[in-house]
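The values are calculated or read from the model by the stated rules, or taken from the named source; none is laboratory data. Owing to the predicted nature of the structure, the values given are computational and were not obtained by experimental measurement. We place every Cβ from the backbone using ideal geometry, glycine too, and count neighbours over all the protein chains shown.
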């Protein structure tokens, strides 16, 4: 049964099979010149009129017509298969998909993307926090959904990102542990003669990430300049060790080395050359600075276990290799190295990130600034 049509409403009619009202509006022509139409439906005629007017406003504003049928699960799958896999490392893509598969799709997967609301997102995040997930994990859930919807906007499936409009849970930043000067020296003492003495010393003195240090090759080491160039990282993806790009563009950097560390690297190279001769045909030439007895890359997981044993022997309890990076930054700042320089050495995306993490160490500098102004303006009174 056809109904009357008002100006700008498009074609409106009531379907006889289920008595639902349908509205059809022409949105343009495809590449073959054929007319393309979009259909909306509702229980009442007034609802259809409202949907058609909203759609027409979007078209008038130059926005693409949303895909009214695509579900959240379909969007996440298509985003992963067609875009995400080609933009990030395989390990990162797997992490994103794990979040989608276990935390988003079971709850919101069947919902049509155009019907998704900010209330839905906030309710999802709240339920995940109540289930005991950490704030950082819940933030990742929101981030994954937000990126997928961003792609949906590019594809014309939806016109706004309700995930970005939701409130991200806040997490109180905790100050990470850092080795004191005395603890650092105890660690170096325990490392003397150890197979990975140069590796751990490198991480402690420069703040290189574990993957960055393990990804270094001898071609990256400029002995005369006392510099290593960070160009890749070594990661485990599934059951395979692979090299990948650095974490960010700023992570690709050149790092100056302390003279003591250069000596350790030269000793390490000499020992590696001796191992190559002994192993003969069993040796696999990979070019990595830090290798196993057979020349193959060092598994990051083995490094974690090995470092824990070393720390216990040094009387330091349990520490993780990543905490060497935090210790390096803290010790540099405590020694008076400028914040900007520390940020560049660490390869942080911005100096603000460095300040957020290590700002508490700069208290003496802030106090010195206040004392300087006291002397300049009030003659030290």
Hey, does the range 124-139 have a residue that's under 30 Å from residue 54 (Cβ atoms), crowded, with 17+ Cβ neighbours inside 10 Å and at pLDDT 90 or above? yes
Look at residue 63 and say whether it is over 30 Å from residue 211 (Cβ atoms), modelled with pLDDT under 75 and part of a helix (DSSP H, G or I). no
Across the range 304-318, what is the number of residues that are surrounded by 19 or more Cβ atoms within 10 Å (Cβ to Cβ) and within 23 Å of the chain's Cα centre (by Cα)? 0
So residue 188 fits all but one of (1) farther than 30 Å from residue 78 by Cβ; (2) in a loop (DSSP other than H, G, I, E, B); (3) touching a helix residue (DSSP H, G or I) at 6+ places or on another chain (Cβ under 8 Å); (4) without any contact (Cβ under 8 Å) to a residue 40 or more places away in the chain; what number is the exception? (2)
Looking at this structure, is residue 127 part of a loop (DSSP other than H, G, I, E, B) and either more than 17 Å from the chain's Cα centre (by Cα) or closer than 25 Å to residue 39 by Cβ (or both)? no
Can you find a residue that is in the same structural domain as residue 253 (by TED's automatic domain parsing), at pLDDT 90 or above, more than 29 Å from residue 196 (Cα to Cα) and assigned to a helix (DSSP H, G or I) anywhere in the range 348-369? no
Just to be sure I understand, how many residues within the range 243-269 are within 30 Å of the chain's Cα centre (by Cα) and surrounded by 15 or more Cβ atoms within 10 Å (Cβ to Cβ)? 10
Answer with yes or no whether residue 273 is out of contact with any strand residue (DSSP E or B) (no Cβ under 6 Å at 6 or more places or on another chain), at pLDDT 95 or above and under 24 Å from residue 347 (Cβ atoms). no
Meets criteria (more than 19 Å from residue 322 (Cα to Cα), in contact (Cβ under 8 Å) with a residue 24 or more places away in the chain and outside any loop (DSSP other than H, G, I, E, B)) for residue 250: no
